[in-house]
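See below for the structure under consideration.
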Protein chains: 2
Amino acid sequence: MLSWRAHRALVLRGIRYYSRPAAYVLPHTIKQLLASSPDSEINTTLTGFVRSIRKQKHVAFADISDGSTPFPLQAVIESDGFESDIIHRITSGSNLKLTGKLVKSAGGGQEWDFDVREVEILGHCDPAYPIQKKTHTHEHLRANAHLRPRTDETSSMLRTRALLNRSILHPPIITSNDTEGAGETFRVSPTSEPLEPLELTESDSSTSEVKPEFFGVPAFLSVSAQLHLEALAHSLSRVYTLSPSFRAERSQTNRHLAEFWMLEAELQLATPSLGPLLDVVEGLLRSVFDTYTRSTDAMVRFPEAKAARHALETEWRRVTYTHALEELNRAHDQGVFVKPAGKGKGKDIVPRPMWGQGLRSEHERYLARDSPVFVTDYPADIKPFYMRLNEESTTPPTVACFDLLLPGLGELVGGSVREERLDRLDAALNQRGMVMDELAWYRDLRLYGGGPHAGFGLGFERLVSFVTGLENVRECIAFPRAFGKMKV
Amino acid sequence: MLSWRAHRALVLRGIRYYSRPAAYVLPHTIKQLLASSPDSEINTTLTGFVRSIRKQKHVAFADISDGSTPFPLQAVIESDGFESDIIHRITSGSNLKLTGKLVKSAGGGQEWDFDVREVEILGHCDPAYPIQKKTHTHEHLRANAHLRPRTDETSSMLRTRALLNRSILHPPIITSNDTEGAGETFRVSPTSEPLEPLELTESDSSTSEVKPEFFGVPAFLSVSAQLHLEALAHSLSRVYTLSPSFRAERSQTNRHLAEFWMLEAELQLATPSLGPLLDVVEGLLRSVFDTYTRSTDAMVRFPEAKAARHALETEWRRVTYTHALEELNRAHDQGVFVKPAGKGKGKDIVPRPMWGQGLRSEHERYLARDSPVFVTDYPADIKPFYMRLNEESTTPPTVACFDLLLPGLGELVGGSVREERLDRLDAALNQRGMVMDELAWYRDLRLYGGGPHAGFGLGFERLVSFVTGLENVRECIAFPRAFGKMKV
């Protein structure tokens with residue numbers, strides 16, 4: 001929409017401007033109405049949905065919402081003014097066009113009422129409407145994903161997504177490669193053409209036996225934009241994207257979706273060290289949390305915004321994987337992980353961590369018990385080929401990487417310095433038996449002036465979950481896709 | 001990154017703030033350096049790629065670019081200051097870390113030079129580097145899509161995309177339905193599972209014979225977010241998204257990609273009329289063009305920005321399809337479409353338009369010959385089921401829709417008022433033999449309080465093409481995907 005400023009600028013510059021700005025063209029939103037001289041005597045027209053309605057003999061009170069704010073506006077409709085019939089036909093879920101003006105509310109609870117002079121039903125709502133005022137289960141709402149945006153919770157979540165979201169570059173969605181190893185990807189083919197199964201044998205670099213495909217090569221849905229962002233960072237220095245990613249995971253947890261959005265960034269560095277990357281991630285998240293805690297939706301719908309507030313007030317620790325293991329072993333010594341009662345009482349509920357293995361979620365939760373924590377420098381063997389080898393590493397090799405763990409959530413961000421040295425990159429690829437041909441272009445980035453760079457990926461739905469307190473990521477996206485689930 | 005304002009706000013509010021803002025952590029970009037006291041005596045460190053280098057006996061002049069601006073910075077490296085060996089090793093494409101300061105340029109051409117005190121090669125560039133200063137063909141650059149972001153043209157195009165781009169809501173990418181009719185979609189399945197061909201028989205609404213799929217139902221890549229945006233507009237009133245869309249088109253034109261980005265919007269209206277929608281689209285585009293023509297990239301890399309400037313200065317016409325046909329017939333009468341020479345001389349190069357058929361591109365170009373033009377109210381039979389029927393239509397029915405045609409480009413935006421009346425929607429679905437089950441949720445939007453609403457879709461790469469003058473949309477996206485083409 002044309003802003004007032006842009007409109008005025010056009011007028012001042014003498015450019016003939018034929019179109020009226022959207023503010024004139026569309027009816028006021030409730031937010032605009034409340035913001036602009038609410039004590040005006042002038043009648044205004046607005047449209048919105050009925051959240052709920054109470055009907056008395058000569059008057060009806062309807063809570064009207066148009067999604068522009070978390071606050072419904074109470075419309076006072078006196079039945080004398082209209083054919084009484086029309087009020088009879090207004091139900092929850094109806095779509096109304098109302099003309100009237102704001103008046104100081106006589107009742108308590110809200111500052112302004114909307115005194116209705118004219119009412120028109122733009123859309124009737126069938127009595128079977130599955131969204132009633134009472135609280136519904138998340139399962140019921142997911143089954144009605146096309147209607148749940150009208151609930152307080154989902155509309156607030158969507159406003160929160162919009163607040164958190166700024167998108168810049170567009171990496172490809174359909175790719176010929178797979179960032180994190182095969183097996184969990186989706187394959188893409190024209191609907192009209194049957195697809196033969198891919199032979200997924202190890203290191204079979206000859207693709208000559210594969211049937212011609214739409215794109216000439218097998219096509220997959222992107223699991224991460226990282227490799228392509230690295231190419232862009234080798235021109236634009238600092239790039240980021242918020243774009244969809246896909247994993248064909250069959251697990252049904254409240255942390256996983258088959259289609260999710262990731263904020264990913266790549267930055268050129270002057271030295272290949274992890275410190276600046278952690279500073280950028282921490283700075284970014286503190287800024288996001290600060291903005292969020294001051295937003296209207298945080299204040300109204302998720303009033304505690306406890307997790308974000310707490311994260312802003314604490315120091316974020318930075319510990320190496322090796323030190324984290326020492327801390328966890330001390331906790332085991334102190335009986336932190338001992339089962340207090342029932343079967344297996346007195347025994348550790350989880351085995352002690354072993355150097356060279358990933359961290360269990362129980363251990364991650366312990367490390368992030370008080371504050372966000374960056375765990376850095378994991379063993380090279382459990383991390384992907386593109387992470388930078390720590391040369392000074394004691395005994396088994398580690399890589400310059402991190403996971404950011406948040407209290408109550410676990411991993412939100414993962415990232416690393418990227419291996420910019422071609423010989424080490426080739427060694428890492430060889431060690432993993434990875435096909436060189438497909439990654440020839442990625443190797444080129446090192447061959448042709450590649451320098452130190454680093455990046456990270458942040459699961460956008462997990463961020464929404466953390467700030468809103470909505471536990472399941474399926475409630476953090478408008479139309480969730482997961483194994484066996486695609487309702488709308 | 002944390003803005004200065006956010007940083008200061010945190011400090012003023014007394015919140016302990018441990019992370020330093022990104023401005024301190026990362027080296028200055030060239031843009032930041034030029035903006036902040038360029039006559040400073042303090043040495044600064046920056047990193048960037050060598051666009052070109054001229055070496056003389058005791059001094060080398062290297063054009064350095066880090067993507068932050070379209071202007072390279074000339075680095076003056078006196079060989080006395082370093083082992084002369086290092087200058088020998090710097091070539092086009094090298095990645096350098098430079099410490100030095102800005103000085104008034106002695107030569108012409110630019111205001112500032114960077115007087116280098118220290119130089120470090122962060123990444124050597126192999127002599128086979130396929131991006132040399134001379135102009136390359138677009139084909140050559142596409143084959144090196146991972147390196148072409150380092151060219152002036154592609155980096156300017158990417159900055160333009162970032163400028164044009166604001167993203168808000170995230171509709172799903174994987175869907176169970178197809179907005180515009182089957183046949184051109186991509187199908188999605190887990191890589192590890194062979195997929196059986198879908199029986200695409202007409203109106204076969206029984207899905208019971210289809211093998212169980214990952215999502216429980218056949219899954220496709222979205223061709224448009226429209227239907228899902230309509231669901232969101234029925235809560236949030238005004239929504240838009242910039243998200244990827246997919247068409248399995250085999251045509252190799254310079255207007256089509258298999259993966260492209262679309263700006264789509266849906267708006268609740270007080271009355272089901274087309275006027276406000278056209279005003280919004282025109283206002284949006286005028287604002288975008290205005291911003292673009294004042295951007296640095298428009299001034300430097302695409303200095304004429306002719307198309308956008310011209311569009312700002314003209315009146316945008318609005319004609320109905322029926323009137324457009326009259327105009328085209330008059331043009332045929334006047335010999336506008338007559339071939340002037342060679343075989344077929346004196347005959348019309350295109351047949352006269354027929355009411356009830358789509359417009360040919362030659363006719364679209366003629367209609368938009370002088371200025372952008374909205375062509376409205378097309379015959380219902382050649383448009384999709386969701387467009388609103390014009391009741392007052394003379395003789396054959398038309399729908400309340402538009403195509404916006406731009407000079408030199410053709411269609412940029414298409415949109416319509418949506419059919420909010422359930423009986424007319426059902427009639428349109430029946431007439432097209434469409435499966436009701438799959439669209440049950442879409443019908444629900446009418447059943448439960450649906451009111452007048454309208455929306456549009458804008459091809460983002462076409463917008464980039466129009467403002468930059470880059471003719472082929474494959475040059476308007478970082479990593480193009482088209483039939484038979486997926487290089488990187």
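The values are calculated or read from the model by the stated rules, or taken from the named source; none is laboratory data. Treat the numbers as computed from the prediction; the structure is a model and nothing was measured. Please note: Cβ atoms are built from the backbone with ideal geometry, for glycine as well, and neighbour counts cover all protein chains shown. The protein model used for the area step is the full one, side chains on, heavy atoms only, and it has no ligands, DNA or RNA in it. Shrake-Rupley method; radii C 1.70, N 1.55, O 1.52, S 1.80 Å.
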B:G415 under 24 Å from B:L367 (Cα atoms), assigned by the TED database to the domain that holds B:R462 and modelled with pLDDT under 95: no
Exclusive hit being in contact (Cβ under 8 Å) with a residue 40 or more places away in the chain, over 30 Å from A:E313 (Cα atoms) and touching a strand residue (DSSP E or B) at 6+ places or on another chain (Cβ under 6 Å), set A:R418, A:R424, A:R432: A:R418
A:L412 open to solvent by less than 30 Å² (accessible area, probe 1.4 Å) and within 18 Å of the chain's Cα centre (by Cα): yes
Selection count where residues are modelled with pLDDT under 85 and crowded, with 21+ Cβ neighbours inside 10 Å, scope region A:471-480: 6
Positions within region B:431-488 being among the β-branched types (V, I, T), assigned by the TED database to the domain that holds B:R247 and farther than 22 Å from B:T241 by Cβ, in sequence order: B:V435, B:T468
Candidate set: region A:228-241, residues that are at the interface with another protein chain (Cβ under 7 Å from one of its Cβ atoms) and out of contact with any His (no Cβ under 7 Å at 6 or more places or on another chain); chosen: the one surrounded by the most Cβ atoms within 10 Å (Cβ to Cβ): A:H228
Test for A:S205: is it over 32 Å from the mean Cα position of the chain (by Cα), surrounded by fewer than 23 Cβ atoms within 10 Å (Cβ to Cβ) and either at pLDDT below 75 or outside the structural domain of A:A270 (by the TED database) (or both): yes
Number of positions in region A:86-132 that are within 14 Å of chain B (Cβ to nearest Cβ), at pLDDT below 85 and surrounded by fewer than 18 Cβ atoms within 10 Å (Cβ to Cβ): 1
Residue within region B:427-446 that is closer than 26 Å to B:A248 by Cβ, of a type in the set (G, A, S), open to solvent by less than 20 Å² (accessible area, probe 1.4 Å) and at pLDDT 90 or above present: yes
Condition check for A:P379: open to solvent by less than 10 Å² (accessible area, probe 1.4 Å), within 14 Å of chain B (Cβ to nearest Cβ) and not hydrophobic (A, V, I, L, M, F, W, C): no
Filter result for the condition that a residue is modelled with pLDDT under 80 and within 20 Å of A:V488 (Cβ to Cβ), over A:T135, A:T175, A:T154: A:T154
Exclusive hit being more than 10 Å from every other protein chain (Cβ to nearest Cβ) and more than 31 Å from the chain's Cα centre (by Cα), set B:R432, B:R446: B:R432
A:S295 vs. criteria in contact with a Leu (Cβ under 8 Å, 6 or more places away or on another chain), touching a residue at least 40 places away in the same chain (Cβ under 8 Å) and not aliphatic (A, V, I, L, M): yes
So B:G356, is it open to solvent by 40 Å² or more (accessible area, probe 1.4 Å), farther than 30 Å from B:E153 by Cα and not in a helix (DSSP H, G or I): no
Which numbered condition B:L405 fails, given (1) crowded, with 21+ Cβ neighbours inside 10 Å; (2) in a loop (DSSP other than H, G, I, E, B): (2)
